[in-house]
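For reference, the structure discussed in these notes is given below.
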Amino acid sequence: MGKTRYLPPLRRSLAAVSLLALLAGCQATPSDALHGTGDLGVVVERATGSLAVVDTSERRILERVEGLGDLSHASVKFSRDARYALVFGRDGGLTRVDLLTGEITHRVMQSGNSIGGAISQDGSLVAVANYEPGGVRIFDSATLAPVADIPATYRDEHGETVRSKVVGLVDAPQNRFVFSLFEAGEIRMIDMNGETPEVTRFPDIGDSPYDALIGPDGRYYIAGLFGEDGLALLDLWHPEAGVTRILPDYGRGEARLPVYKMPHLEGWAMAGDEAWLPAVGRHEVLVADTDDWSLVGRIPVHGQPVFVMSRPDERQVWVNFAHPDNDVVQVIDTETREVIRTLSPGEAVLHMEFTPKGEHAWVSARDSDRITVYDTRTFEVLAELDSESPSGIFFTDRAHRIGL
């Protein structure tokens with residue numbers, strides 16, 4: 001048994017005084033100043049170049065972080081510990097924001113025009129997709145120190161070496177990044193496990209890949225094609241098999257409508273063994289069987305879909321739309337494949353985000369300067385938050401999900 005340590009009366013008195021002094025010098029931290037990072041998220045406020053940091057349980061804005069530059073097409077990723085937001089600005093700015101203090105810890109202007117990025121599987125690297133100059137730049141995610149610069153060069157129809165815009169950049173398992181080249185019609189993969197990046201090219205995937213996605217298990221990378229019907233699929237378990245075309249005929253014999261806003265494939269909906277995707281230039285959501293990637297359904301909707309997003313339990317798919325039909329969100333039941341609710345969150349609905357288990361959906365309406373929070377079971381409006389030109393909504397549970 002251990003022995004009890006004896007303190008003489010004088011020492012006991014001194015110890016008690018010291019403890020009281022220590023407690024007197026401490027100030028209690030207000031309970032409302034403490035937030036677990038898993039309860040946090042951000043909303044991009046594009047007009048003011050700011051982020052609104054939000055609490056998803058209390059459904060309120062905690063604070064705003066300003067000085068982030070041009071956020072007209074901004075996206076956000078989160079560090080492995082979900083404490084830091086990495087913000088990719090349209091002006092080429094890459095900014096690291098501490099969600100707990102509301103401070104910018106690091107910021108670099110890494111290009112002239114960028115379109116998003118990704119964080120590696122181990123959390124150590126952040127990659128940025130650039131329009132100008134076309135390519136991918138990779139940084140240390142903690143310090144934003146440069147690690148690699150990979151130009152997206154290819155030979156054009158005149159044999160000249162030129163650069164392509166990079167789109168659809170995602171993280172993939174095994175510390176890889178995958179992206180598409182808009183003008184070149186290629187997919188490329190970067191392996192970051194060696195001393196230098198190893199780049200693998202997959203040419204001739206189709207006309208003008210405009211965006212891409214990776215499945216939640218990290219196996220399939222799919223690029224949407226703007227110049228033709230169909231999508232290009234790369235199986236990352238077997239990249240040696242090359243790229244396969246899927247859904248090549250979904251619009252055969254039909255005239256495409258004018259496209260006012262490109263669909264976004266990130267956040268695609270998975271429901272059981274089916275993938276739900278926006279059709280380019282059509283008022284339809286496409287449903288594909290993920291066993292053979294055949295088209296198994298076409299669901300008429302309100303307008304041209306932009307985001308087609310699955311509630312985490314996969315029972316519902318929420319869809320927003322391009323101009324001029326962008327004041328509506330429709331909810332589809334994945335079992336019946338029917339639209340079960342049409343919501344009106346405000347003017348110019350740009351983005352939606354589910355809380356981690358899907359009980360609530362947050363919807364941004366840019367031109368109404370409003371964020372609306374819905375109960376996804378009853379469709380009741382739970383909160384309306386004032387926000388200046390809100391667009392992208394990102395919650396920290398994305399830190400632990402592939403491709404998000």
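Figures for the structure shown
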| quantity | calculated |
| --- | --- |
| Residue in region 349-364 that is among the hydrophobic types (A, V, I, L, M, F, W, C), surrounded by 16 or more Cβ atoms within 10 Å (Cβ to Cβ) and modelled with pLDDT under 95 present | yes |
| Any hit, region 253-273, residues being at pLDDT 85 or above and not β-branched (V, I, T) | yes |
| Unique residue being charged (D, E, K, R), under 30 Å from P248 (Cα atoms), crowded, with 18+ Cβ neighbours inside 10 Å and touching a residue at least 60 places away in the same chain (Cβ under 8 Å) when the list is R176, R188, R163 | R176 |
| Some residue of region 10-30 being exposed (fewer than 10 other Cβ atoms within 10 Å of the Cβ), over 20 Å from the mean Cα position of the chain (by Cα) and modelled with pLDDT of 50 or more | no |
| Output for region 189-226, where each listed residue is hydrophobic (A, V, I, L, M, F, W, C) and within 13 Å of L265 (Cα to Cα) | A212, L213, I214, I222, A223, L225, F226 |
| All strands (runs of 3 or more DSSP E) inside region 200-242 with 3 or more residues being out of contact with any Asp or Glu (no Cβ under 9 Å at 6 or more places or on another chain) and within 20 Å of D291 (Cβ to Cβ) | 231-235 |
| G116 vs. criteria in contact (Cβ under 8 Å) with a residue 40 or more places away in the chain and not aliphatic (A, V, I, L, M) | yes |
| Options A74, A47, A52, A85: the member that is surrounded by fewer than 22 Cβ atoms within 10 Å (Cβ to Cβ) and of a type in the set (A, V, I, L, M, F, W, C) | A47 |
| Strands (runs of 3 or more DSSP E) enclosed by region 337-404 - at least 3 residues per element that are under 22 Å from the mean Cα position of the chain (by Cα) | 349-354, 360-365, 370-375, 390-395 |
| In region 144-158, the residues that are of a type outside the set (G, A, S), surrounded by 11 or more Cβ atoms within 10 Å (Cβ to Cβ) and not in a strand (DSSP E or B) | L144, D156 |
| Residue satisfying all of: in region 216-225; surrounded by 18 or more Cβ atoms within 10 Å (Cβ to Cβ) and under 21 Å from G117 (Cβ atoms); modelled with the lowest pLDDT among these | G224 |
| Residues of region 308-336 that turn out to be surrounded by fewer than 19 Cβ atoms within 10 Å (Cβ to Cβ), assigned to a loop (DSSP other than H, G, I, E, B), in contact (Cβ under 8 Å) with a residue 12 or more places away in the chain and out of contact with any Asp or Glu (no Cβ under 8 Å at 6 or more places or on another chain), as a count | 8 |
| Boolean, E359 is closer than 19 Å to P305 by Cα and touching a Ser or Thr at 6+ places or on another chain (Cβ under 9 Å) | no |
| Criterion: under 21 Å from F88 (Cα atoms) and under 22 Å from the mean Cα position of the chain (by Cα) - qualifying residue of V147, V167 | V167 |
| Matching residues, region 289-307, being charged (D, E, K, R) and not in a strand (DSSP E or B) | D291, D292 |
| Filter result (closer than 21 Å to Q304 by Cβ and of a type in the set (G, A, S)) within region 214-231 | A223, G224, G227, G230 |
| F139, sole failed condition from (1) assigned to a strand (DSSP E or B); (2) touching a Lys or Arg at 6+ places or on another chain (Cβ under 9 Å); (3) not β-branched (V, I, T) | (2) |
| Selected residue [in contact with a Phe, Trp or Tyr (Cβ under 9 Å, 6 or more places away or on another chain) and on the phi > 0 side of the Ramachandran plot] from G49, G69, G116, G102 | G116 |
| Hey, R201 free of Cβ contacts under 8 Å to residues at least 40 places away in the same chain and not polar (S, T, N, Q) or not | yes |
| Test: S120 is of a type in the set (S, T, Y) and either touching a helix residue (DSSP H, G or I) at 6+ places or on another chain (Cβ under 9 Å) or more than 19 Å from E195 (Cα to Cα) (or both) | no |
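The values are calculated or read from the model by the stated rules, or taken from the named source; none is laboratory data. Only a predicted model underlies this, so the values are computations on that prediction, with no experimental measurement involved. Here Cβ is always computed from backbone atoms with ideal geometry, including for glycine, and neighbour counts include all displayed protein chains.
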